[in-house]
Ligand SMILES: [Zn+2]
């Protein structure tokens, strides 16, 4: 796997040279110094499909916009992309190899935060569909052939499920209770969203390393993953999007635990919904989502550095207490 080293360098984007901002601003040891941006799917794996776009391409496009914004806002932050083109990360020909590569790259890069960007579907092919509805009955025929038949009307239906949700890895925390975090059972998402379940093939969750990571996650990463996920959903809500909330899952999302750092998977919207597909593909929509994610990162960073940005303030003024 020697070629991985070269790929790693190629995919690692250090910020451009030039004068650094005044020291002491955003260099807290507790903050995010390296962020891993993971555009979901790629290459042979298109992810879910809309009428005219694929999840892999929408995720890549928004990931690159997010990375550019982060580079501008946090010039000292190192940004590592798991992919910058339409390929399966690592160049393998299975989804499992790609998941493995993503987690490995994140860990070797010593990321402080892992953010995977995805799009959802509601379990149906995109596009309008015909709905037939019973509206009454009538009698046809004569004499003993006379009988009642149903009357139907047909109309065009549209998939209306819309909005965002964020997933964090389901730590085995008996005592953990939070109103903000929902527990979504296994299978519920995987069957409908187009997210693969092949991560059970990619990661050995019983290896000593995985068990150690799970303990670390519980102790150190769960709270910060939940914090970042909650901030992301809050920013989407402020932008007028529908937020289905923050969920914790295990199956189909183990890449989050395989990365030894706070990690969040964001479903940015439904490609099965025509209106939302247009939004997710528009310059305006992509910029808005990238800004929402940036704002969540800004608040996350400020919280870790011990000077959280007041939510109410940041709604109305961009200044906060920065
Ligand atoms: Zn996906």
Can you tell me which residues in the range 271-299 are at pLDDT below 95 and away from the ligand (no atom under 16 Å from the Cβ)? 274, 275
Among (1) at pLDDT 95 or above; (2) part of a loop (DSSP other than H, G, I, E, B) - the single one residue 19 does not satisfy: (1)
Residue 234: away from the ligand (no atom under 16 Å from the Cβ), modelled with pLDDT of 95 or more, under 16 Å from the mean Cα position of the chain (by Cα) and on the phi < 0 side of the Ramachandran plot, yes or no? yes
With criteria (1) surrounded by fewer than 24 Cβ atoms within 10 Å (Cβ to Cβ); (2) touching a helix residue (DSSP H, G or I) at 6+ places or on another chain (Cβ under 8 Å), residue 282 comes up short on (2)
Could you tell me whether the range 69-91 includes any residue that is modelled with pLDDT under 95, surrounded by 17 or more Cβ atoms within 10 Å (Cβ to Cβ) and within 16 Å of the ligand (Cβ to nearest atom)? no
Flagged in the range 244-270 as more than 12 Å from the ligand (Cβ to nearest atom), assigned to a strand (DSSP E or B) and either free of Cβ contacts under 8 Å to residues at least 60 places away in the same chain or crowded, with 24+ Cβ neighbours inside 10 Å (or both), in numbering order, are 246, 263, 264
Which numbered condition in (1) farther than 30 Å from residue 232 by Cβ; (2) touching a helix residue (DSSP H, G or I) at 6+ places or on another chain (Cβ under 8 Å) is the only one that residue 135 fails? (2)
Among 181, 151, 168, which is at pLDDT 90 or above and within 24 Å of the chain's Cα centre (by Cα)? 168
Please give the number of the condition residue 209 fails out of (1) in contact with a helix residue (DSSP H, G or I) (Cβ under 9 Å, 6 or more places away or on another chain); (2) part of a helix (DSSP H, G or I); (3) modelled with pLDDT of 75 or more. (1)
Scan the range 30-58 for residues that are under 26 Å from residue 260 (Cβ atoms), assigned to a loop (DSSP other than H, G, I, E, B) and more than 13 Å from the ligand (Cβ to nearest atom) and report the count. 5
Strands (runs of 3 or more DSSP E) fully within the range 73-147 counting 2 or more residues that are within 26 Å of residue 228 (Cα to Cα), within 20 Å of the chain's Cα centre (by Cα) and touching a residue at least 40 places away in the same chain (Cβ under 8 Å): 78-81, 113-120
Determine the pairs where a residue that is under 19 Å from residue 98 (Cα atoms) and within 16 Å of the ligand (Cβ to nearest atom), located within the range 195-212, has a partner that is modelled with pLDDT under 75 and part of a loop (DSSP other than H, G, I, E, B) with Cβ atoms under 6 Å apart, the partner being 6 or more residues away or on another chain. 195/252; 197/252
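The values are calculated or read from the model by the stated rules, or taken from the named source; none is laboratory data. What you see is a predicted model; the values in this text were computed from it and never measured. Cβ: placed from backbone, ideal geometry, glycine included. Neighbour counts: every protein chain shown.
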